[in-house]
Amino acid sequence: MKNNLKIYNSLTGKKEKFEPIVPGHVGMYVCGPTVYSNVHLGNVRTFISFDVIYRYLKFLGFKVRYVRNITDAGHLEDDSQEDKISKKARLEKLEPMEIVQQYTIDFHKVLELVNNLPPNIEPTATGHIIEQIEMTKEILDKGYAYESNGSIYFDVVKYNKEVDKYGKLSGRNIEEMIANTRELDGQDEKRNPQDFALWKKAKPQHIMRWPSPWSNGFPGWHLECSVMSTKYLGEQFDIHGGGMDLKFPHHECEIAQGRTANDVDPVKYWMHANMLTLNGKKMSKSTGNHLLPREIFSGDNKILSKAYSPAVVRFFMLQAHYRNMLDLSEEALQAAEKGYKRMMEAIQSIENLPVSESTDFDVAQWEKSLYEAMNDDFNTPILIANLFEGVKFINQVKSEKAKITEADKKRLQKIFEDFAYEVLGLHKQDLSGKNNDNQTFDKVIQLLIDLRNQARAEKNWALSDKIRDELAKYGVQLKDGKDGTTYSFQ
Ligand code: AMP
Ligand code: ZN
């Protein structure tokens, strides 16, 4: 297997040659969602970024074990220090596991819609309480944690002095951090405001709790990822990913936990995906500055003038490099829609291209440029730009301005299959009109929309409402906008 892959390692701040710990095998862990609400498009961006990374590693021939957790306990709200899932369960008068189930299903559905592959293992925090208690014990035994009123805290200052620099991933300095921290509720239990909980004693109103040697309580959020990553990938593994916002404190704490419990740096390559913004600000659940996938796929939102399909949204996301910020806007989505369609049409038309005795295109060089883009820290925007060189050539052959041989036609087809579908995970579309239920369906709905418009023009409200309501029963929602009526699935 040829491997020229370079990965930007957040730990060193450099692009490094990718050399897995066990040749030919890759262990990859990505922080999953906290399932207390619907995932927003920002979350989806991060998971698409790592889906492409997973896909490319597999495409190169690595045997990849991809672990992505579900956080179903232990993630506290910054202000109230209440568990996010417990809080939602309390507010909605539901069992915490009902909340977890509802939003885990939503998460899976959304990722399937955007064509993500499932990870190999998807462990939950609540399924690993015993392991979390064990790791807490190990850190206590090594002397880098202490008990305080039934809770166990990691001693950041002692770690920083005796083991390794706390802040080496995020580039922070512990002394400055301490100087800048204001005292928060409950921190009087800690020796230092930067110390973080490995185990928390549950307050009386806290619903999710488990017995432990120290108290009835629950594990800290940072601990679950250390436990689940090392359980399935080993004490030291190749790639750990997540959104940029998890670098500190979450991932910094994971390093400290691994260094003390197992005496090794847990991760060889730390990878961080950049944020999706809306109106120039980070998309985020807590600030309300977000769009849900359902809202964009149905067009049911106040920000965009129409619906955009999951395929277009995926293409839009991949047109930016995963380490760059990306702002969601109507213009960008429209451009992505056009680009995606143009690429799909070109791929579909390869089969019917007229063949000649020679080819006016350096297929080998072009293929090389596709590998080079991805080998350069998974540069999907360059890959897409290079794929469009192929699209341009196909269109030239179509209009008989260039020639291609039968063999090169096959090669071109295979390369598009590989890079557009397998690596980028773009949705395959049958635009031929043959065997295409979607196109027939689309025409039937358009016919009903026309009939409804006719009824409305004749002020036959009974009929126009009937068409809209009956379609709604089958899950087809009509939306009247300034450019006419569109439909989407509920
Ligand atoms: P959470 O459920 O909040 O733990 O987030 C799940 C994942 O989504 C994490 O890797 C976050 O870093 C990531 N994430 C959160 N907000 C955004 C955003 N606006 N853009 C990209 N990724 C995000
Ligand atoms: Zn995590």
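What is the calculated FRET efficiency for Asp263 to Ser286, with r their C-beta to C-beta distance and R₀ = 35 Å, to the nearest 0.05?
0.40
Give me the 1.4 Å probe accessible area per residue for region 439-489, excluding ligands and nucleic acids, in Å².
71 Å²
Provide the solvent-accessible area of Val267, counting protein heavy atoms only and rolling a 1.4 Å probe, rounded to the nearest 10 Å².
About 10 Å², rounded to the nearest 10.
Excluding Met244 itself, calculate the net charge of residues whose Cβ lies under 10 Å from the Cβ of Met244, where each Lys or Arg counts +1 and each Asp or Glu counts -1.
Overall, the nearby charge balance is +2.
Sticking with the crude label model, points 7 Å out along Cα→Cβ, report the distance from Glu98 to Lys168 in nm, one decimal please.
4.7 nm
Protein chains only, probe 1.4 Å: how do Phe441, Phe378 rank by accessible area, largest first?
Working: Phe441 75, Phe378 5 Å².
Heavy-atom accessible area, descending, gives Phe441, Phe378.
If Lys and Arg each add +1 and Asp and Glu each add -1, what is the summed charge of the other residues whose beta carbon sits under 9 Å from the beta carbon of His128?
Charge balance in the 9 Å sphere: -1.
When the accessible area of the chain is computed with all protein chains present and a 1.4 Å probe, what percentage of it is carbon and sulfur? Could you put the intermediate results ahead of the total?
On the way: 11290 of 23070 Å².
Taking all protein chains in place, the chain shows 49 percent carbon and sulfur surface.
Write down the percent of antiparallel bridges among all DSSP beta bridges whose residues are both part of region 21-273, to the nearest 5.
Numbers: 12 of 30 bridges.
For region 21-273, the DSSP antiparallel bridge percentage is about 40.
Past 23 Å, Cα to Cα: identify those pairs from Lys15/Lys282; Lys14/Lys268; Lys84/Lys247; Lys443/Lys479; Lys285/Lys338; Lys302/Lys479, in the order given.
Lys15/Lys282; Lys285/Lys338
Have a look at the DSSP beta bridges in the chain and tell me what percent are antiparallel, nearest 5.
Working: 24 of 46 bridges.
Looking only at bridges with both residues in the chain, the antiparallel portion is about 50 percent.
Excluding residues on the same chain fewer than 8 positions from Lys137, give the lysines whose Cα lies under 23 Å from its Cα.
By straight Cα distance, Lys137 reaches Lys158, Lys161, Lys165, Lys190, Lys200, Lys201, Lys203, Lys231.
Tell me, in nm to one decimal, what length is gained between Gln396 and Lys15 on full extension, where the rule is 0.36 nm per residue of separation less the Cα-Cα distance?
Gain in length upon complete extension: 133.4 nm.
Between Asp418 and Glu134, take the C-beta separation as r, use R0 = 41 Å, and let me know the FRET efficiency to the nearest 0.05.
Taking R0 as 41 Å, the efficiency between Asp418 and Glu134 is 0.40.
Set the Förster radius R0 to 22 Å, insert the Cβ-Cβ distance between Gln81 and Lys231 as r into 1/(1 + (r/R0)^6), and round the FRET efficiency to 0.05.
So the FRET efficiency works out to roughly 0.20.
Considering Cα pairs under 8 angstrom that are at least six residues apart, work out the relative contact order of the chain and quote it in whole percent.
With pairs under 8 Å counted, the relative contact order is 16 percent.
How large is the helix-only mean residue ellipticity at 222 nm for the chain, computed as the sum of -39500 (n - 2.57) over DSSP H runs with n ≥ 4, divided by its residue count, in deg cm²/dmol to the nearest 500?
Numbers: 16 runs with 209 residues, N = 490.
Rounded to the nearest 500, it is -13500 deg cm²/dmol.
Among the helices of the chain (complete DSSP H runs), which have Cα atoms covering no less than 27 Å along the helix axis and a Kyte-Doolittle mean of at least -1.0?
The answer, listed by residue number, is 330-349, 437-457.
Keeping all protein chains in the complex and leaving out DNA, RNA and ligands, what accessible area do you get for Trp366 with a 1.4 Å probe, in Å² to the nearest 10?
10 Å²
Taking Rh as the Kirkwood radius computed over C-alpha pairs, what is the Stokes-Einstein D of the chain at 25 °C in a medium of viscosity 0.890 mPa s, expressed in µm² per second?
Once the numbers are plugged in, D ends up at 97 µm²/s.
At 1.4 Å probe size, put Tyr66, Tyr144 in order of accessible surface, largest to smallest.
Values: Tyr66 0, Tyr144 30 Å².
Ranking Tyr66, Tyr144 by accessible area, largest first, yields Tyr144, Tyr66.
The values are calculated or read from the model by the stated rules, or taken from the named source; none is laboratory data. Model, not experiment: these values are computed from the prediction. With ideal geometry, Cβ positions are generated from the backbone for all residues, glycine too; neighbour counts draw on all protein chains shown. Areas reflect the complete protein model, heavy atoms only, side chains present, ligands, DNA and RNA absent. Shrake-Rupley method; radii C 1.70, N 1.55, O 1.52, S 1.80 Å.
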